[in-house]
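Colleague: Before anything else, here's the structure in question.
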Amino acid sequence: QVQLVESGGGLVQPGGSLRLSCSASGIIFRVYVVSWYRQPPGKQRELVAAITSGGTTNYVDSVKGRFTISRDNAKNTVYLQMNSLKSEDTAVYYCKAASLGNSAGYWGQGTQVTVSS
């Protein structure tokens, strides 16, 4: 069975950093486009960052210069390094893996990130 598991969330003060991890099992993760989405409380889910199988990255404007998405294919893991965190970054963060054969993709269960003093 396919499973994506996010980890690394927690409570952090404004200006702090967190690194989220998305670990996959049951798929050849390296061939997938992997994205991080987030859903703030009471708001819609939005795309935050994405990385292709070739390592090309894209970010929503609000996180450019602060967040970095990367992947370690040997570990079947994708990371989201989040620096200079702001209160508006507070959300549940989700990992998604998609491919040409499965554009709907697979989703993880989410991990809570709370930025508060």
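To keep it simple, each residue is scored yes or no on (1) under 16 Å from THR90 (Cα atoms); (2) more than 12 Å from the chain's Cα centre (by Cα); (3) of a type in the set (Gly, Ala, Ser); (4) buried (at least 20 other Cβ atoms within 10 Å of the Cβ).
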{"site": "ARG38", "(1), (2), (3), (4)": "yes, no, no, yes"}
{"site": "GLY42", "(1), (2), (3), (4)": "yes, yes, yes, no"}
{"site": "GLU46", "(1), (2), (3), (4)": "yes, no, no, no"}
{"site": "ILE51", "(1), (2), (3), (4)": "no, no, no, yes"}
{"site": "ILE69", "(1), (2), (3), (4)": "no, no, no, yes"}
{"site": "ASP72", "(1), (2), (3), (4)": "no, yes, no, no"}
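Colleague: From SER84, SER62, which residue is assigned to a loop (DSSP other than H, G, I, E, B) and at pLDDT 95 or above?
Modeller: SER84
The values are calculated or read from the model by the stated rules, or taken from the named source; none is laboratory data. Everything numeric here is computed off the predicted structure, so don't read it as measured data. Heads up, the Cβs are rebuilt from the backbone with ideal geometry, glycines too, and the neighbour counts pull from every protein chain shown.
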